[in-house]
Amino acid sequence: MLNEHALGEYLRGRLPAGDGPFAIEPLQGGQSNPTFRLRQGERSYVLRKQPEGELLPSAHAVDREYRVMTALAQTDVPVPRTYCYCDDRSVIGTPFFVMEFLDGRHFWDPALPELDAPQRAALWDDMNSVIARLHGVDYAAIGLADYGRAGNYFERQIGRWTRQYRASETMRIESMDRLIDWLPRHIIEDDTTSIVHGDFRIDNLIVHRSAPRVIGVLDWELSTLGHPLGDFAYHAMAWRLTWTQFRGMAGNDLAALGIPSERQYVDAYCRRSGRAGIDANDWQFCIVFSMFRLAAILQGIAKRAIMGTSADANAADVGERARTIADVAWREAQARAGS
């Protein structure tokens, strides 16, 4: 548990609610970075910190989360207000930041069983609008010109996630080996750059208490400057994966649920982002890349469970899905024309 006295001393004068004591409770989720709710009187905040122990290279970048959310507060992308970032490990043992607590709804299942069909349709349409607005942000104008490198995104990301996967490899996954060979040979020519969230899923969003509207995008640890289609394809994997495979909705009667088809959703994104359309082979590459990246992330979670640095008690079970996702990705790769 956090050192309440040291934390209270550090936050004195940095938050708007005053200098009273904090009640601290862990929040669900935040699989990579431990997350806590801080209650001070009638006000609540969220503290997000690095985990303890040995960390994989470039992982758990809470400083980047803080920076991008602070910058995006100037835009129409919904993010929590940020208050402070601390890299002094003497306070609670690791770097951390504190942000606004958004009092809204949190959904895990993209099929949204809690809502009726019109609400599902409206919420998916709003998610589409939010990610399109994110990709339309002038990142240089909000001080993020150096937040990543422009160009060659897929080449660099394939290299990065291959290294991360190899560093966290606990068993051989034949389909991952095949993807590591296949992906560099099929990179798309489109080289657009935007801010990318890196993990834009329904469970990383806070939704208004009564309206089907996103009020906050969370978990920006994987954000950078990158290719918007890579980011959007990662979001759209929900149409290709089942709930059992990884929080997807494949196999559901989407029309009956009020949820658009993948094609309809992609077309809506293209209209909002000013694209004439997306080449089918380019889109298939982006889907395969996104699944490969997800499998590498899941393998990292499995490794952290072994190392004892995962913030999620079920991390080992989640990590076991890496092989399943890699197998699906390899089937998708073989379905691409010219593969």
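Annotations
- Candidate set: region 208-228, residues that are of a type in the set (Val, Ile, Thr) and surrounded by fewer than 23 Cβ atoms within 10 Å (Cβ to Cβ); chosen: the one nearest to the chain's Cα centre (by Cα): THR224
- Of the helices (runs of 4 or more DSSP H) lying entirely inside region 210-295, those containing at least 1 residues that are without any contact (Cβ under 8 Å) to a residue 40 or more places away in the chain span 243-246, 254-257, 262-273.
- Qualifying residue in region 83-97 (condition: modelled with pLDDT of 95 or more and within 17 Å of the chain's Cα centre (by Cα)): no
- Within region 229-276, considering residues that are under 18 Å from ALA326 (Cα atoms) and of a type in the set (Ser, Thr, Tyr), the one surrounded by the fewest Cβ atoms within 10 Å (Cβ to Cβ): THR244
- Here SER175 fulfils each of the conditions (1) surrounded by fewer than 21 Cβ atoms within 10 Å (Cβ to Cβ); (2) more than 22 Å from the chain's Cα centre (by Cα); (3) of a type outside the set (Val, Ile, Thr) apart from (1).
- Meets criteria (hydroxyl-bearing (Ser, Thr, Tyr), at pLDDT 95 or above and more than 18 Å from the chain's Cα centre (by Cα)) for TYR265: yes
- Verdict on ARG105 being at pLDDT 95 or above, surrounded by 14 or more Cβ atoms within 10 Å (Cβ to Cβ) and either polar (S, T, N, Q) or under 22 Å from GLY148 (Cα atoms) (or both): no
- The condition of being at pLDDT 95 or above and out of contact with any Ser or Thr (no Cβ under 7 Å at 6 or more places or on another chain) holds for only one of ILE259, ILE195, that being ILE259.
The values are calculated or read from the model by the stated rules, or taken from the named source; none is laboratory data. On a predicted model such as this, the values are computed, not experimentally measured, just so you know. In this analysis, Cβ positions are derived from the backbone assuming ideal geometry, glycine residues included, and neighbour counts consider all displayed protein chains.
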